[in-house]
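Everything below concerns the one structure shown next.
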Amino acid sequence: MKSLKAYKFFYNGFVQNVWVHECSPTGGTVVLRVLYFHAYVHLSFTCESPLLVFVSINGDNRDVYAAKCNCVSGLGQACNYVAALFFFIEHYVSTGQECLPTKVSKTSKPMAWN
């Protein structure tokens, strides 16, 4: 089903290298907290270049200010890759994780046999 495509991107681990930046646009005093989420969403397990996805969220009431992706559909701020990042953020918040998971390369892990 096409409606599950965004969830499949999240579930299969295609949302990677997620990082978040928090800032207050008013300068020193925190009146408004804005969370900027950035991620790379891979289209498949092949060597295709990943898409850059960006989401800007109000840190207090969780309103979405902007969502962008560098795919053709992402210019309209609504595509499966943006939705996949939202699934990732929802999972991140609902499980109460303190820090974003990092993808560890095989060379950084201890040697293991299959």
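The values are calculated or read from the model by the stated rules, or taken from the named source; none is laboratory data. Just so it is clear, the model here is predicted, and its values are computed rather than measured. Virtual Cβ from ideal backbone geometry, glycine too; neighbours counted across all protein chains shown.
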Residue pairs meeting the criteria (Cβ under 9 Å; at least 6 apart or on separate chains; first at pLDDT 85 or above, in segment 2-19; second basic (Lys, Arg) and part of a helix (DSSP H, G or I)): Phe14/Lys8
Selected residue [at pLDDT 85 or above and of a type outside the set (Phe, Trp, Tyr)] from Asn61, Asn80, Asn114: Asn80
Test: residue in segment 60-68 that is out of contact with any Phe, Trp or Tyr (no Cβ under 6 Å at 6 or more places or on another chain), surrounded by 12 or more Cβ atoms within 10 Å (Cβ to Cβ), free of Cβ contacts under 8 Å to residues at least 12 places away in the same chain and not aliphatic (A, V, I, L, M): no
Filter result for Phe37 (modelled with pLDDT of 85 or more and either surrounded by 11 or more Cβ atoms within 10 Å (Cβ to Cβ) or within 13 Å of Phe88 (Cβ to Cβ) (or both)): no
